[in-house]
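Data block below; observations after.
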Amino acid sequence: SQELEQSPQSLIVQEGKNLTINCTSSKTLYGLYWYKQKYGEGLIFLMMLQKGGEEKSHEKITAKLDEKKQQSSLHITASQPSHAGIYLCGADTLGSQGNLIFGKGTKLSVKP
Amino acid sequence: DTAVSQTPKYLVTQMGNDKSIKCEQNLGHDTMYWYKQDSKKFLKIMFSYNNKELIINETVPNRFSPKSPDKAHLNLHINSLELGDSAVYFCASSQAGFGNTIYFGEGSWLTVV
């Protein structure tokens, strides 16, 4: 089984709706990174969480790391077509910075 | 200005050839990485490198070798290319030390025919 599981694998939402993507690790997370990937483009850094219970927001995107540091969620409020893409969570489970393991990604489509 | 840039973006080559992908970062970072995203979209680390240490993922074949002419560059050389090497290769960089943001390049699409 994968060390880092993302759910759902894909998501289609109507513009304006809220949505949540989850990322669950079988190991303690020393750091949890959220990236967005569009086809033909690189990974765009969204947020990084380190402390249990930490929550960060940027524009309409909020990410949380649970107290046990094994699960993170990414919440998008009032989704827009510009939010469409593949969301990847990357985790440092070794405490060795830079050696991230990634989930398979969640493909988000937003219908206008 | 692109923070982490890779060239070429697309590369189609024949089996058995030797090729290189270049990576440059203008962020002043001292650690660089190569990641591989396979056909199943899994993104896995291949190497991490700073001027002190090269860490190699043990699953990476020795046909792959990183070369760093200076702190701002980490090129990826691949010898005797195989069909299974077809993938997207991402370069990344960060400051050394725990908890620093890792910035990725746009990726290089390698197709081996």
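Provide B:106, B:53 in ascending order of the number of other Cβ atoms located within 10 Å of each residue's Cβ, fewest first.
Taking fewest neighbouring Cβ atoms as first place, the list is B:53, B:106.
Using Cα-only point scatterers and the Debye equation, what is log10 of I(q)/I(0) for region A:46-112 at each q in 0.14, 0.22, 0.27, 0.28 Å⁻¹, rounded to two decimals?
Relative scattering, expressed as log10 I(q)/I(0), comes to -0.47, -1.03, -1.30, -1.34.
Taking every pair of alpha-carbon atoms in chain A, give the share separated by more than 17 Å as a whole percent.
The answer is 50 percent, as a whole percent.
Using a basic spin-label model with each label point 7 Å from the Cα along Cα→Cβ, how many nm lie between residue B:95 and residue A:26?
Going by the 7 Å Cα→Cβ label model, 3.5 nm.
I need the phi-derived Karplus couplings for region B:24-32: 6.51 cos²θ - 1.76 cosθ + 1.60, θ = phi - 60°, integer Hz, Gly and Pro marked x.
Result, ordered by residue: 9, 10, 10, 9, x, 6, 10, 10, 10 Hz.
Neighbouring Cβ atoms within 10 Å as the yardstick, rank B:38, A:92 fewest first.
B:38, A:92
What ³J(HN,Hα) values, in whole Hz, does the Karplus curve 6.51 cos²θ - 1.76 cosθ + 1.60 give for region B:76-88 when θ = phi - 60°, with x put for Gly and Pro?
10, 9, 10, 9, 6, 4, 10, 4, x, 7, 4, 4, 9
Please compute the alpha carbon radius of gyration of the protein assembly as shown, then divide it by the globular-protein estimate 2.2 N^0.38 Å. Two decimals is fine.
Taking N as the residue count of the protein assembly as shown, the ratio is 1.01.
Can you figure out the FRET efficiency of residue B:111 with residue A:38, using R₀ = 25 Å and their beta-carbon distance, to the nearest 0.05?
Rounded to the nearest 0.05, the efficiency is 0.80.
Compare B:39, B:68, B:48 in a GNM of chain B, Cα atoms joined below 10 Å, and give the one with the largest fluctuation.
B:39
How many times 2.2 N^0.38 Å is the alpha carbon radius of gyration of chain B?
Relative to the rule-of-thumb radius for its length, chain B sits at 1.00.
Values quoted throughout were computed directly from the atomic coordinates according to the rules given, and no laboratory measurement underlies them. The shown structure was predicted, so the numbers you read here are calculated from the model rather than taken from an experiment. Positions of Cβ are backbone-derived with ideal geometry, glycine not excepted, and every protein chain shown enters the neighbour counts.
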